[in-house]
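Remarks on the structure that follows.
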Amino acid sequence: MAEPRALRWPIGLLLLASCSGQFGDLPANDDDDGGEATAPLCASIEPGESPLRRMTRVEYDNTILDLLGDDSHPARGFVPEEESLGFNNQAAALVVSPLLAEQYMTAAEGIAARAAGKLLGEAPSCRGAAAGAACRGEIAALIASLGKRAFRRPLAEDEIAELAALFDRGLGLGDTPDDASTGLSLVVQAMLQSPHFLYRVELGMPDPVEGDVVPLTSYEIASRLSYLLWGTMPDDALFAAAEAGALGTAAEIEAQARRMLDDPRAREAVKNFHRQWLGLSKIDEIAAGGRDPELYPEYRDELLPLFQAETEAFLDHAIFEEDASVSTLFTASYSVMNRELAELYGVEGGPKGEAFERVELDPSQRAGFLTHAGLLSLYAKPNRSSPVHRGRFVRQSLLCQIPPPPPDVVPEPPMVDRTKTTREQFSQHVSDPGCRSCHALLDPIGFGFEHYDALGRWRDAENGIPVDASGELTQTDIDGPFDGAVELARRLAESEQVRACVVKQWFRFGYGRAEQREDACSLSQATEAFEASRYNIRALLVALTQTDAFRYRREINVGDDAGGASERAPGGEP
């Protein structure tokens, strides 16, 4: 059966948006001028850009589950998102290709077919008499109810009328006349392919509070809260607050944020952040190169999910069961592991089974996530450790410094020499003029991890030679020599640059874009609250809901966009 024309218009709009760039380009990054190092004068509201944000695959599946109870995870088959700034939820990179538009349509058809029968239970008059007045009234009410949750704001009367007309068209397309399930299926398909479902469309309130700055509507705030803290659509409590206009003040938003952080869905959202920030989602890619079986006979691909699970479980425990401080993430002398991992670490008297348990580790050898086997393996090579990759991880992910490679230089790692340590082999970077400038920033940090082999196991010697794990930090606020990764972790835990980087990384992930000059006040607001909490991660998440960038946007007129859409989205408060 050919799809009705009404089902094709959302895809057309999606493709138009992705090709025209009207949803916003990647904002400029002001790292080079020092960013928030100088305290801004926050005398006015500066919200920065508010690009239209498309759902990621994780958000799509979560939303479909909460909206319709469908746990088939259709988005796992969608084309992967493009990454930007280390994250897959950056608005400028989330374009809709023709293939993805087709996948949206196919997924919507399957979801709608599964949902139609259940939804008919909310319109009993439509069973066998779909053309009746009672059925029409129930369908209109169902469309309004489902549409409000799908679009995350009330539908306008003309939207309800258009979807009701689509239902009517479906009555003649089923196996029997007056087939209400076919009509409902078409309605659901149209909703799930609409930009109002796939994107978070935000226009703000009608009246500016300052210049061209407008506060977001309560429904828009509800969506921002739910996708930031849960990675899914609002729950009933958020919808009720939005309907009551009870998300208009900072205190009201804070109360909801604190409630939401107590929900298990917050743990999954925080886990998603760490998978991307630290690269945990890439640990399974180690399998492609594996480990040299002669050097690492203990390696098995089955270790990789355990590696990822350890760091995720540790971070979850530290943030939601302990004090949630940045210091704990870097310096904790415990981890969370099962028997197999404990044996790999050489832990005596550890867990006896497959269940993950908190395990105390040797504080002279392990400190926080920085010395976890999974990360140490990820930033290593199949046949040895990698000071370059480990040093780059610290510079880029933890200090938010990205040293650019010199132009026209193709990096070539030194040949493996079993008569020397890795440190000795990489000493050529210091003497090579083409390598020196970049590797002077990376290698001295990476050398601090030399007590850990390519599987993240502790070693005192390499190739029969004692390990030298001395390193040095430069161009940071904690400059100076250090000895080993444990000391490095402690130094990083006290670094203001690291703390600022944590704020910046959460800003990028939470707001789906790079920070800009206009965000100086928002970053300052979040940083001050973070500092006041003694660098508590949960407090930082609440603080991100209190900023100008979260609560406001620049006024826009969409009358010239997307084929003459209405000037204001329905659902805005008067």
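The values are calculated or read from the model by the stated rules, or taken from the named source; none is laboratory data. Quick caveat: nothing in here was measured; it's all calculated off a predicted structure. Please note: Cβ atoms are built from the backbone with ideal geometry, for glycine as well, and neighbour counts cover all protein chains shown.
The table below lists the values:
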{"quantity": "Candidate set from the range 526-535 (those that are of a type outside the set (Val, Ile, Thr) and surrounded by 20 or more Cβ atoms within 10 Å (Cβ to Cβ)); member that is nearest to the chain's Cα centre (by Cα)", "calculated": "526"}
{"quantity": "Answer from 303, 315, 261, 280 - the residue that is more than 22 Å from residue 355 (Cβ to Cβ) and either touching a Phe, Trp or Tyr at 6+ places or on another chain (Cβ under 7 Å) or not assigned by TED's automatic domain parsing to the domain that holds residue 86 (or both)", "calculated": "261"}
{"quantity": "Selection status of residue 102, assigned by TED's automatic domain parsing to the domain that holds residue 58, under 32 Å from the mean Cα position of the chain (by Cα), exposed (fewer than 13 other Cβ atoms within 10 Å of the Cβ) and not in a loop (DSSP other than H, G, I, E, B)", "calculated": "yes"}
{"quantity": "Hits in the range 376-400 (condition: in a loop (DSSP other than H, G, I, E, B) and among the hydrophobic types (A, V, I, L, M, F, W, C))", "calculated": "399, 400"}
{"quantity": "Qualifying residue in the range 428-451 (condition: surrounded by fewer than 19 Cβ atoms within 10 Å (Cβ to Cβ), under 19 Å from residue 282 (Cβ atoms) and at pLDDT below 95)", "calculated": "no"}
{"quantity": "Selection from the range 146-161 of residues that are assigned to a helix (DSSP H, G or I), in contact (Cβ under 8 Å) with a residue 24 or more places away in the chain, out of contact with any helix residue (DSSP H, G or I) (no Cβ under 6 Å at 6 or more places or on another chain) and hydrophobic (A, V, I, L, M, F, W, C)", "calculated": "146"}
{"quantity": "Members of the range 437-451 that are part of a helix (DSSP H, G or I) and touching a strand residue (DSSP E or B) at 6+ places or on another chain (Cβ under 9 Å)", "calculated": "443, 444, 445, 446, 447, 448, 449"}
{"quantity": "Residue, nearest to residue 50 (Cα to Cα), within the range 209-228, restricted to residues that are in contact with a Gly (Cβ under 7 Å, 6 or more places away or on another chain) and β-branched (Val, Ile, Thr)", "calculated": "214"}
{"quantity": "Residue within the range 466-479 that is touching a strand residue (DSSP E or B) at 6+ places or on another chain (Cβ under 8 Å) and under 30 Å from residue 225 (Cα atoms) present", "calculated": "no"}
{"quantity": "Count of the range 106-133 residues which are more than 17 Å from residue 181 (Cβ to Cβ) and more than 32 Å from the chain's Cα centre (by Cα)", "calculated": "1"}
{"quantity": "Filter result for residue 227 (among the hydroxyl-bearing types (Ser, Thr, Tyr), more than 22 Å from residue 113 (Cβ to Cβ) and touching a helix residue (DSSP H, G or I) at 6+ places or on another chain (Cβ under 7 Å))", "calculated": "yes"}
{"quantity": "Helices (runs of 4 or more DSSP H) contained entirely in the range 297-375, each with at least 2 residues that are of a type outside the set (A, V, I, L, M), touching a residue at least 60 places away in the same chain (Cβ under 8 Å) and buried (at least 18 other Cβ atoms within 10 Å of the Cβ)", "calculated": "303-320, 326-331"}
{"quantity": "Complete set of residues in the range 249-268 that are touching a helix residue (DSSP H, G or I) at 6+ places or on another chain (Cβ under 6 Å) and of a type in the set (Gly, Ala, Ser)", "calculated": "257, 266"}
{"quantity": "Neighbours by Cβ (under 7 Å, 6+ apart or cross-chain): first from the range 260-276, without any contact (Cβ under 8 Å) to a residue 40 or more places away in the chain and closer than 17 Å to residue 512 by Cα; second assigned to a helix (DSSP H, G or I) and among the polar types (S, T, N, Q)", "calculated": "275/281"}
{"quantity": "Test: residue in the range 487-496 that is among the polar types (S, T, N, Q), in contact (Cβ under 8 Å) with a residue 12 or more places away in the chain and within 21 Å of residue 445 (Cα to Cα)", "calculated": "yes"}
{"quantity": "Filter pass, residue 286 being surrounded by 20 or more Cβ atoms within 10 Å (Cβ to Cβ), over 21 Å from the mean Cα position of the chain (by Cα) and assigned to a helix (DSSP H, G or I)", "calculated": "yes"}
{"quantity": "Among (1) at pLDDT 95 or above; (2) of a type in the set (D, E, K, R); (3) under 30 Å from residue 524 (Cβ atoms); (4) surrounded by fewer than 16 Cβ atoms within 10 Å (Cβ to Cβ), the one test that residue 71 misses", "calculated": "(3)"}
{"quantity": "Scan of the range 351-368 for residues that are within 27 Å of residue 264 (Cβ to Cβ) and in contact with a Leu (Cβ under 9 Å, 6 or more places away or on another chain), ordered by number", "calculated": "351, 356, 359, 368"}
{"quantity": "Filter result (modelled with pLDDT of 95 or more and either under 11 Å from residue 453 (Cα atoms) or acidic (Asp, Glu) (or both)) within the range 343-370", "calculated": "343, 354, 357, 360, 362"}
